[in-house]
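A short write-up of the structure that comes next.
The values are calculated or read from the model by the stated rules, or taken from the named source; none is laboratory data. Everything quoted here is computed from the prediction, not taken from an experiment. All Cβ positions, even for glycine, are placed from backbone atoms using ideal geometry, and neighbour counts span all protein chains on display.
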Amino acid sequence: MAADLARAITASPAVRPRRSLRHLARRIGFLGAVATLVLIAGAALLAPHVAPYDPNAINLGHALKAPSAVHWFGTDQLGRDVLSRVIHGGRMSLLIALCVVTLAGIGGTLAGLVAGYRGGLVDDVVMRLAEIQYALPPVILALVMVGVLGPSTVNIILVITLANWARFARVIRAEAISLRHRDFVLLARLSGASSWRIVLTHILPNVKPTLLVLLTLDIGLIIILEATLSFLGLGIQPPDPSWGTMIAEGRAYLERAWWTSLLPGAALLATVLAANILADGFGRRGAGGPGGA
Amino acid sequence: MNAHILPPPAPAPAPPPLVEVSGLAMTYTVRSGLLARPRPLAAVAGVSFAIEAGGTFGLVGESGSGKTTIARIVMGAERATGGSLRIAGHHFGARADDAGDAWRHRFLQPVLQDPYGALDPTMRIGRIIDEPLRIQRPLADERAYRARVGELLRQVGLPQDFADRHPGALSGGQRQRVAIARALALDPKLLVLDEPVSALDVSIQAQVLNLLKDLQDRLALTYLLISHDLAVVAFMASRIGVLYLGQFMELGSRAAVLERPAHPYTRALIAAAEPSIAHEAAVAGEIPSPLDPPQGCAFHPRCPRAEARCRAEKPVLRALGPDHRVACHFPEP
């Protein structure tokens, strides 16, 4: 009775349009995020072909020119085309983000699955390592590692991976612990399934929605961390463009030439925002929203 | 030739029971606080019974009586802390025995209470049903798996195209049928049915119970049935054990226990199951904590007939008839 009544109320025409409007807004946001990411990734992938100028070509006669038809994003203090540098910088940021997300995602997920399903000593060791990583600010870790190993793309990827695997491990471990007590895992065990078989065929598919959210969310965080490191001079080294170094270099001219810092910043913001909206959309799906897995 | 001088053949000895449980005990150590001394919790305290091949042994009792612990020990989810378990000659003691476990995976399969938790929501029904086959007895190709899954689905009364569905699209009764089909995939001889219908609608319960009975007849299965519902046990079981605080109160053939119940607890359960013909009140109160079991007879705090002796001396199971034993100082005639 009560359930029928509740259904009748939620389905009444007075409520439905507002609900579907919100749903529509969410869909538009999700599609916008996908479009933004496709645009940025496409530009990054095809950077040498789509960038109008050589990103490192210096033209001191055209230094700090405002955005115009010739230079859409203007030029920086050395007369380099900002748009070309944003595109090439994005190529580097996204490459690093993809590498880190792959490495930290695989490593952290594996560690979390094993720790959560096996428990015991393995769990203790993995979780203590994760806590040590959490206690260490990534920028300090980067300072030490880059100081010792020297700045290079590979080292940046290593540092950011070290700073990011633990989030995967912790979240996936928590899910694995709750899944291992489910009846279907017991039934698989009583049919003789090995631990690896159970982890791969039962635990992993059931954490997939969570993993998808974590991965997309992490892309944003990694891009910000890489920009932070580059901003501090620990990441991509000049003259190679990166959003972080561009923001740092443009700071000195912010009053006279806002575009040198703000436009790379806008690209960073758009990418991170799009990744987060995407993660939010995946999260809603995983939670059994419309079109749920 | 000289057959005529052989002594007349002795009467064939009764075949040994398929399952023999003797003195089974499960004691957990429980700590109620950080500084509290660990205390023993006897979930099962010395339980013995046997299941003859093709029969159904019904374990009935309230929640907390230890019936699910016994089921979990028999199915291999837990290892008993005492006593012995023998299934078709294979011994499962307190020590790990991997070879025996591998054999048990093929000989015995469980059907669990919750049909929602038993099926992996990310798998198709076909993969859920053929998982034991893929682990234990791989078939030649995907066609062979499909054929076997179709056969199993038919056996439990579901259409073949269910193989491609996900569990989310199925009702509780359909899910339980899938769980039964999966349990049958390896042609087991013994099914451990742990509250197989208690999560289902009453109208569905009878269908699933009838299916289980039908399968037992067709496939010569032996059942260990666990239920809190005496009506379910009465419908299914050939022998019944009434469990209370990890011990048998009464044990015997279906007819003996249901028609000549001797223990006050059994009588109370029967009265509760059939309120229309109840001539004695169901027992009040709740099952005591196994952390702090009563002295003497475990049932005395709730027993309408308890006397001084019941508080002091623990009754042992004693025979009342050929297949009827009761643990009571003052059994009903």
- Task: Restricting attention to segment B:21-37, report how many residues are at pLDDT 90 or above and outside any strand (DSSP E or B).
- Result: 0
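Pick out the one residue from B:Ala80, B:Ala118, B:Ala102 that is within 14 Å of chain A (Cβ to nearest Cβ) and either within 19 Å of B:Ala199 (Cα to Cα) or buried (at least 23 other Cβ atoms within 10 Å of the Cβ) (or both).
Numbers: B:Ala80 fails: within 14 Å of chain A (Cβ to nearest Cβ); B:Ala102 fails: either within 19 Å of B:Ala199 (Cα to Cα) or buried (at least 23 other Cβ atoms within 10 Å of the Cβ) (or both).
The match here is B:Ala118.
Counting residues that are within 14 Å of chain B (Cβ to nearest Cβ), which helices (runs of 4 or more DSSP H) fully inside segment A:131-207 reach at least 2? Before the answer, list the steps.
Values: elements: A:138-149, A:153-180, A:183-190, A:195-198.
Helices (runs of 4 or more DSSP H) meeting the threshold: A:153-180, A:183-190, A:195-198.
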- Query: Can you name the condition, by its number, that B:Asp187 falls short on among (1) on the phi < 0 side of the Ramachandran plot; (2) within 14 Å of chain A (Cβ to nearest Cβ); (3) touching a helix residue (DSSP H, G or I) at 6+ places or on another chain (Cβ under 9 Å); (4) not aromatic (Phe, Trp, Tyr)?
  - Reply: (1)
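Suppose the filter is over 28 Å from A:Arg189 (Cα atoms) and touching a residue at least 40 places away in the same chain (Cβ under 8 Å); does B:Met249 pass it? Walk me through how you get there before you give the answer.
Values: over 28 Å from A:Arg189 (Cα atoms): yes; touching a residue at least 40 places away in the same chain (Cβ under 8 Å): yes.
For B:Met249, the condition - over 28 Å from A:Arg189 (Cα atoms) and touching a residue at least 40 places away in the same chain (Cβ under 8 Å) - is met.
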- Is it true that B:Gly54 is away from chain A (no Cβ under 14 Å), within 26 Å of B:Ala181 (Cβ to Cβ) and assigned to a loop (DSSP other than H, G, I, E, B)? yes
- Item | Boolean, B:Ala45 is touching a residue at least 40 places away in the same chain (Cβ under 8 Å), of a type in the set (A, V, I, L, M, F, W, C) and more than 14 Å from chain A (Cβ to nearest Cβ) | yes
- Taking B:Leu139, is it part of a loop (DSSP other than H, G, I, E, B) and more than 12 Å from chain A (Cβ to nearest Cβ)? yes
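Within segment A:236-263, can you find the residues that are in a loop (DSSP other than H, G, I, E, B), surrounded by fewer than 22 Cβ atoms within 10 Å (Cβ to Cβ) and not basic (Lys, Arg)? Give the steps one after another, and end with the answer.
From segment A:236-263, those in a loop (DSSP other than H, G, I, E, B) are A:236-242, A:254-258; that's our starting set.
With the extra rule that they be surrounded by fewer than 22 Cβ atoms within 10 Å (Cβ to Cβ), the set shrinks to A:237-240, A:254-258.
Those that are in a loop (DSSP other than H, G, I, E, B), surrounded by fewer than 22 Cβ atoms within 10 Å (Cβ to Cβ) and not basic (Lys, Arg): A:Gln237, A:Pro238, A:Pro239, A:Asp240, A:Leu254, A:Glu255, A:Ala257, A:Trp258.
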- What pairs come up if the first residue lies in segment B:287-314 and is more than 23 Å from B:Met26 (Cβ to Cβ) and free of Cβ contacts under 8 Å to residues at least 60 places away in the same chain, the second is part of a loop (DSSP other than H, G, I, E, B) and polar (S, T, N, Q), and their beta carbons are under 8 Å apart, counting only those six or more places apart or on different chains? B:Arg311/B:Gln295; B:Ala312/B:Gln295
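Does segment A:139-166 hold any residues that are touching a residue at least 60 places away in the same chain (Cβ under 8 Å) and over 17 Å from A:Ser242 (Cβ atoms), and which are they? Walk me through how you get there before you give the answer.
Looking only at segment A:139-166, we keep the residues that are touching a residue at least 60 places away in the same chain (Cβ under 8 Å), and these are A:139, A:142-143, A:146, A:151, A:153, A:156-157, A:159-161, A:163-165.
Answer for segment A:139-166, where residues must be touching a residue at least 60 places away in the same chain (Cβ under 8 Å) and over 17 Å from A:Ser242 (Cβ atoms): A:Leu143, A:Thr161, A:Ala163, A:Asn164, A:Trp165.
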- Item | Enumeration of residues in segment A:21-73 that are in contact (Cβ under 8 Å) with a residue 24 or more places away in the chain, in a helix (DSSP H, G or I) and not small (Gly, Ala, Ser) | A:His23, A:Arg26, A:Phe30, A:Val34, A:Thr36, A:Leu37, A:Ile40, A:Leu45, A:Val50
